[in-house]
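Everything below concerns the one structure shown next.
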Amino acid sequence: MTDFPILSALTFLPLLGALIILLFVRDGEGNKTSEKVAQQIALWTSLATLALSVQMLRQFDPSNTGFQLMERFVWIPSFNIAYIKGIDGISVWFVMISTILTPICILSAIGGVKKRVKEFMIAMLVLETMMVGMFTALDFVLFYLFFEGVLIPMYLIIGVWGGEKRTYAAYKFFLYTFLGSVLMLVAIFAMAIHMGTTDMTAMMGGKFPPQMAAWLWLAFFASFAVKTPMWPFHTWLPYAHVEAPTAGSVILAGVLLKMGGYGFIRIGIQMLPEASKHFAPLVIALSLIAIVYTSLVALAQTDMKKLIAYSSVAHMGYVTLGIFSFTEQGFDGAMFVMLSHTFVAAALFLCVGVVYDRLHTREISRYGGMASNMPRYALVFMIFMLASVGLPGTSGFVGEFLSMQGAFLANSWYALVAATGMVLGAAYMLWLYRRLFYGPLVKDDVRAMPDLNAREIAMFAPLLIIVLWMGIHPDTFRHVYAPTLEKALSAFQSHVQGG
Amino acid sequence: MVDLQSLRIVLPEVQLAIVGFVALIAAAAGGTRVTRAVGLLAIGGFALAGGTLFCPERLKFLLNGALPVFGFGTQFIDDSFARFVKALILAASALSVMLSWSYFEKNGEERPEYPVLILFATLGMMLMVSASDLLSLYVGLELQSLSLYVLAAFRRDDARSSEAGLKYFVLGALSSGLLLYGISLIYGYTGKTDFLSLASALRNHGLMEPGVVVGMAFICAALAFKVSGVPFHMWTPDVYEGAPTPVTAFFAAAPKMAALAMFTRFLLLPMNGLSAQWHQIIVFVSIASMLWGAFAGLVQGNMKRLLAYSSIANVGYLLVAVAVGGQPGVQAMLIYLSIYVLNTLGAFAVVLCLRRNGKAVDAIADLSGLSKTNPAVALAMTILMFSLAGVPPLAGFFGKYFVFLSAVDAGMVPLAIVGVLSSVVTAYYYLRIIKVMYFDEPKGALDPMPDWGVKSVLGLASLAMVVLTFVPSPLVDAALRAARGFIG
């Protein structure tokens, strides 16, 4: 079993499923049987991938802080580019969130996506391949390949299955992220030339001269700041989220935004420590602005999805704040916020999707009083809403607490500003809940909506369990990444002080 | 006296010439009835020449010993670089004949001259690639150009096609004039025309007469015209739009490669000593082409015009590699060229699929809803467009990767940054095509898919863009070998 290339299998299994659907499922708009077959193949492929990823988690040894399950194949030897895969404590959870969310998204799409079902399933599976591939890549060319490859299926998902302004949103999403990434590509060239290889494991630990490192850092920042997104590079996000179909928003918030945070840790902290230290004030300032400003913007939203989109920007502010506080708690908190936000934001977008599938509007004012006719839905929504606010006992609390603690240790003023953001976060989420679920149930179409059905419950149940589990016993999740992060931090500290 | 050693080197060209004359006689005797047979003959001729090209012991029964590098004195050079580019040219020509399989027939204009002209144009290109003397360079270029002028005006009853041919001819003649003037200046100041003695004269004796530099600049202008680099690109959109689509596909592929290879050899071999002078010219043309090709393409409504601007931008990227020079630059250029040529031929194959009510249409809007009416073509086009945009994981990304890597390695970081930023701008128009195919509603059914020729080119190109991602190494290594053998 040790020789089995499990990471490659994880990466390419969804692609295989997509190929099977592409080649063997007959075309035909509205052909119910072929649509069903495509849905089933996609669902079972993603579940098989999930099972395989659980196996990967079992093989993973948390006490080992190096890269594990390494695979290395010859790819372009004359340029020293190899196909290298491996995971450490940091990336293992990102692989897991990709494989957990994909089947949930496919489940939601089985009810939500009505047109071009076959193509949608193919796009979702290709997207999963790209995500898993990106988090397991340890060669820069491979990393970039998957990092950018995500854009292709996502562009199509937003553009084909999106809402009214989907074309604009799809363009904006693609061009913004592409613009950020090409600068990263130039930085990758410079690193490859400096090191003579594109092996990422060989680049860890401040091996670049300071001035070069500063330029490299800025180029990577251009890409990750757009992807994360950080204020003021976030403007593509509200459009992409609002116009994307539910499954697209879920993946976007759940996994794609994490690529930025992952990049900051992997490349910013591990490869360019001095430059990260140098630019930390900039990142922290932008994070604090994001936390407060986007929370205020969220308060003013009348569209449910937009509100949650802005709250995502604020949450990612905690992530960058935690990372660039360079404290143990800050790192830990950033990682936990990312994991928690994955499930909470995914669940909230799915919640929006539930009522959107029924009434086809995301205007908050069109709803109201749903607590009386949709009690199960109201309960589910409430739990996720409170997790987003950071109620103790849910996943949101642990991450935000740790991240704030890290910020406090670095500078107590940071924590003060960030805490303001938490208060605002509670305000906009609770207000949203009040407007949606309380008050009189006056609108007939809202009254006529049925409560959650079995498929929807199947979709929420795993998320609910994870969110509560993360809140009650965070160590189940923490113990996997904590040793690796600790080692990353101590390596970082020794470089910054020693260099 | 027959120079047998030289004949050994030019054997592929000789074969092509013989096939060309046979095809010509057959065409004259058979008329329109033999169009398809002549087409097959041409494809066979390309395959034969391609096979001979890589046969290391050409005509061994006549002469033993290693194949010489130079032939006919120093007129003709046969290095691994030339062989690589010639193989690409032969493949592109064969695919172009396949693309035209039933195009003219549908208009009732099928004529057997078409494959014959392609044969002679290809012969001219092969001479260009192997030219190692200003005179053989000129002869090859003119043989190619004269065939191309006729091809551009091939639909002689069509006003736009005739206009394209005429425009191309007038401007092409102008550039030939510039070329000849440049050659005469260089000859006048150095007394030499062959590349090797020019190289040593310019390198060793510090022969920096202004006249030589002016001559070099004239030749650069003429060659920039042939590769359609800004500011000598003006003919490109008009000729691309007006010429019959299979001819446009041919223009975008084969002659571009030949002119670029010749350009590279001219700059890196005889003009190596003047690299400080020509470097500025190439960098300027490169940046101007990348930016103009990107921004002017944004407003196009016609597929063929759009692909014309796309080809201008791509020439800009290729010239980045030329400016880098040396083995890394040549290797990057060859990788880029190989991927680009397939990519662009595939894109033109899609344009050839666009027929409505028996008439060829070529507006971007005509692609609308293609993903519903013809999912396979739409998928292939999506792959090709993302690849042209340089979005990984498709092969087009690797082309850009190696070009800009070589630029950064040579210390030309600003050039690389302009390049990657302009590729973001071009991404917008490639995305627009995908948007039209996938996001928009169909405008009405298209005619059924055309013949096997178009289908196989489209399938081959789009498949190659995916397969090359998984196994790029053979191409990269072949380009490396070719670049190592480059005599410059």
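Simple rule: put +1 on each Lys or Arg Cβ and -1 on each Asp or Glu Cβ in chain B, find the dipole, and look at B:P270, B:I43, B:V230; the Cα lying farthest toward the positive end is B:I43. Packing, taken as the mean count of other beta carbons within 10 Å per residue, orders the peptides A:81-87, B:237-243 from highest to lowest as B:237-243, A:81-87.
Ordering B:C353, B:C55 by accessible surface, largest first, gives B:C55, B:C353; the 1.4 Å probe counts only protein heavy atoms, with every chain in place. Stretching A:V54 away from A:R434 to a fully extended chain increases their span by 132.9 nm, per 0.36 nm per residue minus the current alpha-carbon distance.
Using only side-chain charges placed at the Cβ, +1 for Lys and Arg and -1 for Asp and Glu, the dipole size of the range A:6-498 relative to its Cα centre rounds to 840 debye. The residues packed around B:G165, meaning those with a beta-carbon under 12 Å from its beta-carbon, carry a net charge of +1 if Lys and Arg are +1 and Asp and Glu are -1.
Quick one: go through the range B:108-143 and flag any residue whose amide nitrogen is under 13 Å from the point 7 Å out along the Cα-to-Cβ line of B:A37. Answer for the range B:108-143: B:112. Taking GluC sites (Glu not before Pro) in DSSP loop conformation with at most 12 other Cβ atoms inside 10 Å as exposed sites, chain A has its longest uninterrupted site-free stretch at A:165-499. Cα centroids of the range B:144-214 and the range A:224-262: 53 Å apart.
For A:W75, the residues whose amide H sits under 5 Å from its own are A:Y83, ignoring neighbours fewer than 5 places away on the same chain, with H placed 1.01 Å from N.
Do any residues of the range B:455-488 show a loss of at least 10 square angstrom of accessible area between the isolated chain and the full protein assembly, using a 1.4 Å probe, and if so which? Buried by 10 Å² or more upon assembly, which counts only protein chains, are B:T469, B:F470, B:P472, B:S473, B:V476, B:D477, B:L480.
For the peptide B:422-435, the mean number of other protein chain Cβ atoms found within 10 angstrom of a residue's Cβ is 4. Using a cut-off of 15 Å between beta-carbons, work out the net charge of the residues near A:T235 (Lys and Arg +1, Asp and Glu -1, A:T235 not included). For residues surrounding A:T235, the net value is +3. In the range B:115-193, the portion of solvent-accessible area held by carbon and sulfur atoms comes to 68 percent [1.4 Å probe, whole percent, DNA, RNA and ligands not counted].
When all alpha-carbon pairs of the range A:6-498 are counted, what percent fall beyond 43 Å?
Everything past 43 Å amounts to 10 percent.
Excluding A:I122 itself, what net charge comes from residues whose Cβ is under 13 Å from its Cβ, given Lys and Arg +1 and Asp and Glu -1? Value of the local net charge: -2. Computed on the Cα trace of the protein assembly as shown, the radius of gyration divided by the Kirkwood hydrodynamic radius gives Rg/Rh = 1.02.
Residues whose amide H falls under 5 Å from that of B:F76, counting only those 5 or more places apart or on a different chain, are B:G71, B:S132, with hydrogens built in the peptide plane.
Using the 1.4 Å probe convention, the accessible area of the protein assembly as shown works out to 33 Å² per residue with neighbouring protein chains retained. For chain A, the residue among A:L218, A:Y168, A:F24 whose Cα projects farthest onto the positive side of the dipole built from Cβ charges is A:Y168. Between the beta carbons of A:S412 and A:T235, assuming R0 = 30 Å, the FRET efficiency works out to 0.45 to the nearest 0.05. Here the Karplus curve 6.51 cos²θ - 1.76 cosθ + 1.60, taken at θ = phi - 60°, turns the phi angles of the range A:140-157 into couplings of 4, 5, 4, 4, 5, 4, 7, 4, 7, x, 3, 4, 5, x, 5, 4, 5, 5 Hz, with x standing for Gly and Pro. Extending 7 Å from Cα along the Cβ direction at B:R160 and again at B:V413 yields two label points whose distance is 4.6 nm.
Computed extension length for B:V14-B:L196: 63.1 nm, one decimal, from 0.36 nm per residue of separation with the Cα-Cα distance subtracted. Think of each Lys and Arg Cβ as +1 and each Asp and Glu Cβ as -1; about the Cα centre, that makes the dipole of chain B roughly 480 debye.
Inter-label distance, A:F4 to B:E209: 7.7 nm, where each label sits 7 Å from its Cα along the C-beta direction. Using the Karplus relation 6.51 cos²θ - 1.76 cosθ + 1.60 with θ = phi - 60°, the per-residue 3J(HN,Hα) values for the range B:466-471 come to 7, 5, 4, 5, 7, 10 Hz, with x marking Gly and Pro.
Quick one: dipole size for the protein assembly as shown, taken about the Cα centre, charges +1 on Lys/Arg Cβ and -1 on Asp/Glu Cβ, in debye to the nearest 20.
Dipole magnitude for the protein assembly as shown comes out near 1140 debye.
Only helical runs count toward this figure. For the protein assembly as shown, summing -39,500 (n - 2.57) over DSSP H runs of n ≥ 4 and dividing by all residues gives -25000 deg cm²/dmol at 222 nm. Dividing the C-alpha radius of gyration of the range A:273-413 by 2.2 N^0.38 Å, with N its residue count, gives 1.16.
Scaled against the 2.2 N^0.38 Å expected of a compact globular protein of N residues, the Cα radius of gyration of chain B reads 0.93. In this calculation the C-beta distance from B:V22 to B:T373 is compared with R0 = 51 Å, giving a FRET efficiency of 0.75. Counted residue by residue at 0.36 nm each, then reduced by the alpha carbon distance between them, the extension gain from A:L19 to A:H278 reaches 88.6 nm.
How much FRET efficiency would the formula 1/(1 + (r/R0)^6) give for A:I457 and A:K207, where r is the Cβ-Cβ distance and R0 is 41 Å, rounded to 0.05?
The formula returns an efficiency of 0.20 here.
Work from the charge dipole of the protein assembly as shown (Cβ charges, +1 for Lys and Arg, -1 for Asp and Glu, about the Cα centre) and give the residue of B:A445, B:A308, B:S387 farthest towards its positive end. In the protein assembly as shown, that residue is B:A445.
Note that the range B:437-445 has calculated 3J(HN,Hα) couplings of 6, 9, 8, 8, 7, x, 9, x, 5 Hz, one per residue in order, obtained from phi through the Karplus relation 6.51 cos²θ - 1.76 cosθ + 1.60 (θ = phi - 60°); glycine and proline are x. Taking label points 7 Å from Cα along the Cα-to-Cβ direction, B:A365 and A:T361 give a separation of 3.4 nm.
The values are calculated or read from the model by the stated rules, or taken from the named source; none is laboratory data. In this text, all values refer to a predicted model and were calculated from it rather than measured experimentally. We place every Cβ from the backbone using ideal geometry, glycine too, and count neighbours over all the protein chains shown. With ligands, DNA and RNA removed, areas are computed over all heavy atoms of the protein, side chains included. Shrake-Rupley method; radii C 1.70, N 1.55, O 1.52, S 1.80 Å.
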